[in-house]
């Protein structure tokens, strides 16, 4: 039972009797804040103006009848336990009160019974309150997830017994700009080409026997009869308390840009001389392409929203960069920074992104937007003194504020040169920039870097999110490290979030923000609806 004292309301005309009850409880180790009443007016005032955990009423409660007192209490505080104390000749009255909803009746002479019943009722009350709070949190989680799913750029639908019950706008659009009423009750089979119906039926039949997520390659059919190749992801979920199946449709005819924030590549076997020659040629070509793009200003910024799971509507965007060819295609999808690191061009790329991003955020702010950009600086950029000077000069020239920027630094870079990192962070914080650590949590003793460097955010490494919804061990680990970080006043961000099931786990764990293709892929548009 919680250590907080019980807020006890006693309805009894005898002050001495009330004090005896209180003494009995305190002697049993039960802390009590008490209030005694003996008239209807005092009772109504106590019920309306005081917090109450427990009500004890005598069978002869003074200037008010027991039945009326019980009716007032259960009407005003229906969840609060109402106990009746009876004396000689009053047992039948007490039993009648129990018939009308009193939780128990206790003899005034049996003090041991009194404190046992009080302990039981208070424990039950706290359990009911906990359940009520969990139900409230679950409802908030469901509402928030529904809003995020509704605004997701992934095509998501829910089916029950093979029929559509709900879908987001992306799903409706991918099948031909449908309206919700067009698909309510429509069989999911109608979205699959006729020649694949048997295969799809067999898949659905097998799906019912498993609770794990499953995937299927299929040819989908739009409302106008045209088709497209798709990968369908199926997972079990609950909507409005009813079990159903979530389907995420990935149009395979579209290319999806990769994440820029990727871990360093794993070590490989030593290449042969022929392979080394080919790699050198490729490296030189990549270096030439990046240098040409920097010189001709041909790099391209893209933006991915960082969305609050706790109601914060500020417009936070992670800034990434692409290298496009003449056809507008990304030459190095998700790999530009990795390639720049290998060719010694990290600082140059950092500086291009910094300058362009500050100019862009300044323009958006002048238009009245509450936009904040998260910019990544590489390890070489951290050590280069000109990085800080460029930030300060560009902020001044663009009439921008440091508070509009969060500078992202990778945990491995911070650990490899903590002194340079601390110097840069302290200088950035003087101009009101915020600091985020990316790819956080995989190295030993992750708390050590938080004790050494003052930061505002951490971004969990994408490995934390992979298979999160089906791995209880991962969920426990994320919960522990998330709590450790937040106890230090640092906000947490989950990256590479790809599905609604993981999103629900993140909300339950209490992660502050989420970023990933599930909500929106990196885009050259800055138009995500953060109020949804």
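The values are calculated or read from the model by the stated rules, or taken from the named source; none is laboratory data. Bear in mind the structure is a predicted one, so any value in this text is a computation, not a measurement. In this analysis, Cβ positions are derived from the backbone assuming ideal geometry, glycine residues included, and neighbour counts consider all displayed protein chains.
Go through the stretch 481-505 and report how many residues are in a helix (DSSP H, G or I) and at pLDDT below 95. Going through the stretch 481-505 one residue at a time, the tally reaches 6.
Which condition number in (1) crowded, with 16+ Cβ neighbours inside 10 Å; (2) touching a residue at least 12 places away in the same chain (Cβ under 8 Å) is the one that residue 42 fails? Here residue 42 meets the rest and fails (2). Screening the candidates 412, 438 for the property of being more than 15 Å from the chain's Cα centre (by Cα) and either under 21 Å from residue 371 (Cβ atoms) or at pLDDT 95 or above (or both) yields one hit, 438. Filtered by the rule that a residue be in a loop (DSSP other than H, G, I, E, B) and within 18 Å of residue 432 (Cβ to Cβ), the stretch 370-389 gives 370, 377.
Of the residues 30, 56, the single one that is touching a strand residue (DSSP E or B) at 6+ places or on another chain (Cβ under 8 Å) and part of a loop (DSSP other than H, G, I, E, B) is 30. Residues in the stretch 142-153 that are more than 12 Å from residue 501 (Cβ to Cβ) and touching a residue at least 40 places away in the same chain (Cβ under 8 Å): 144, 147, 148, 150, 151, 152, 153. Can we say residue 400 is part of a helix (DSSP H, G or I) and either free of Cβ contacts under 8 Å to residues at least 60 places away in the same chain or not assigned by TED's automatic domain parsing to the domain that holds residue 445 (or both)? Here the answer is no, as residue 400 does not meet what is asked. Quick check: anything in the stretch 78-88 over 24 Å from residue 126 (Cβ atoms) and crowded, with 21+ Cβ neighbours inside 10 Å? Yes, the stretch 78-88 has at least one match.
Just one of the listed residues (464, 457) is in the same structural domain as residue 354 (by TED's automatic domain parsing), surrounded by 15 or more Cβ atoms within 10 Å (Cβ to Cβ), within 16 Å of the chain's Cα centre (by Cα) and under 28 Å from residue 368 (Cα atoms), and it is 457.
In this structure, residue 11 does not satisfy being surrounded by 16 or more Cβ atoms within 10 Å (Cβ to Cβ) and more than 19 Å from residue 60 (Cβ to Cβ). Can you pull out the residues in the stretch 232-250 that are part of a strand (DSSP E or B) and either loosely packed, with under 14 Cβ neighbours inside 10 Å or at pLDDT below 80 (or both)? Residues satisfying the conditions are 238, 239, 242, 243.
Matching residues to (1) modelled with pLDDT of 95 or more; (2) surrounded by 16 or more Cβ atoms within 10 Å (Cβ to Cβ); (3) within 17 Å of residue 372 (Cα to Cα):
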| site | (1), (2), (3) |
| --- | --- |
| 475 | no, yes, no |
| 509 | no, yes, no |
| 524 | no, no, yes |
| 528 | no, yes, yes |
| 531 | no, no, yes |
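Would you call residue 350 buried (at least 16 other Cβ atoms within 10 Å of the Cβ) and free of Cβ contacts under 8 Å to residues at least 40 places away in the same chain? Considered against the rule, which asks whether it is buried (at least 16 other Cβ atoms within 10 Å of the Cβ) and free of Cβ contacts under 8 Å to residues at least 40 places away in the same chain, residue 350 comes out as yes.
If you go through the stretch 403-425 and keep only what is surrounded by fewer than 18 Cβ atoms within 10 Å (Cβ to Cβ) and either touching a residue at least 12 places away in the same chain (Cβ under 8 Å) or outside the structural domain of residue 353 (by TED's automatic domain parsing) (or both), you end up with 403, 412, 415, 416, 417, 418, 420, 422. Considering only the stretch 130-138, I want to know if a residue exists there that is in contact (Cβ under 8 Å) with a residue 12 or more places away in the chain, farther than 30 Å from residue 531 by Cβ and under 38 Å from the mean Cα position of the chain (by Cα). For the stretch 130-138, residues in contact (Cβ under 8 Å) with a residue 12 or more places away in the chain, farther than 30 Å from residue 531 by Cβ and under 38 Å from the mean Cα position of the chain (by Cα): absent.
The residues of the stretch 450-480 that are part of a helix (DSSP H, G or I) and farther than 28 Å from residue 154 by Cβ, listed by number, are 450, 451, 452, 480. Exactly one residue out of 184, 196, 215, 179 is at pLDDT 90 or above and not assigned by TED's automatic domain parsing to the domain that holds residue 346, and it is 196.
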